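What follows is a short report on a single structure.
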């Protein structure tokens, strides 16, 4: 049905702002059928002006004030109820406010809030709210897509500044590329690069992508299209790279080299090799805001930490799991995932990066390669490149995990992208080597 024109009494909605790094709270609405504009002015205004954007309390208050004034102008009996409901900013009240001015009749709409979604139905002036679990809905709905080349896609980095994602591969595909780019996590375009890559990171401070690989190879790119080779000063095999914002440096770790398996750079151009306490095969590194933590696939102790990227300490972690990825989540601490050897679990957690404990995940097995969080919600997803069970697991607390049915590719990476509103996964094999979760806005 065609949306009715706005009356002059209702102010035009402001431009949708660029969403920040913190995606929550998020509020969005959609209606199955539009109602008379004058009678449903509050509802219609919220639909138009607050559609999947960040909401600070100030912004909510401002928008609801304007919407309530417009609704009051319609002088319907429902408007006073709308004005009253709009005085509170909790999500349930926002849901009620959005439909309070709708006249008798049948209407369906969906309102998304930080961790719940309300399916609201008003028939004969009666409102019924039905609640379901939005995070669980998102991680249980996936679709695969073809990548632009048949390479073994391994890692992914996103630039909010460019609204662009870059995927790298450990092999060069038949199309001649080991790098591809995307703006939506589903459609991909090759980027010219003859080299294999094992890590990629984006620095928002420098507006720069950094690529690392075997043999000390490093390149940078400002646009995700043209890669410029850099001199690393080493032939060590780089395995991962991150941007440590508070330190203002790139940190790259290696799985080869003697006593210097970390390199740092303030600009992606000039690199310094740092002394490391063990020549382990370091696979992944993460920055918590105050501590760097790296994990490895071999060695007596498979965790090392550093407060500055220069001084590294080996932590006495006896678990001999092959650790593939480590992450940090605010409020939950550090978590590492990997492949079981003789241990009873392939997940471990730590509150401080120093003291670690295994997580009992029962009979779930697999070579888990990557883990990420659904924005700021309490939902976590890990993917696996092999295993008897499903190639994905999910958890709301990092302690209790369950399997998620997805295509049984060799999944190497899972990344949540705020701009996309969902996860993006990459695989090393299969007909479709990209997978994307249903996005927040697609639930509507």
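Stick to Cα atoms and the Kirkwood definition of Rh, then tell me Rg/Rh for segment 200-356.
0.96
Using the number of other C-beta atoms within 10 angstrom as an exposure proxy, rank 325, 160 with the fewest first.
Ranking 325, 160 by Cβ neighbours within 10 Å, fewest first, gives 160, 325.
Normalised by the number of residues in segment 190-253, what is the relative contact order in percent for Cα pairs under 8 Å and 6+ residues apart?
Reported relative contact order: 30 percent.
If you find the alpha carbon centre of segment 173-206 and of segment 134-154, how far apart are they in angstrom?
16
Assuming R0 = 41 Å, what is the FRET efficiency of residue 405 and residue 330, from their Cβ-Cβ distance, to the nearest 0.05?
Efficiency for this residue pair is about 0.90.
Arrange the following residues from fewest to most other Cβ atoms within 10 Å of their Cβ: 214, 416, 402.
Sorted ascending by nearby Cβ count, the order is 402, 214, 416.
Cut-off is 10 Å between beta-carbons; in what order do 320, 399 appear when sorted fewest neighbours first?
On the way: 320 16, 399 12.
Going from least to most buried by this count: 399, 320.
May I ask you to derive the relative contact order of segment 142-443, considering only C-alpha pairs under 8 Å and at least 6 residues apart, and to give it as an integer percent?
13
Could you work out the relative contact order of segment 269-334? I mean the mean sequence separation of Cα pairs under 8 Å and 6+ apart, divided by the number of residues, in percent.
For segment 269-334, the relative contact order is 30 percent.
Read-outs: derived from the displayed coordinates by stated rules, not from any lab. Note that the structure is predicted; figures quoted are calculated from it, not measured. When we count neighbours, we look across all protein chains shown, and the Cβ atoms used for this are built from the backbone with ideal geometry, even at glycine.
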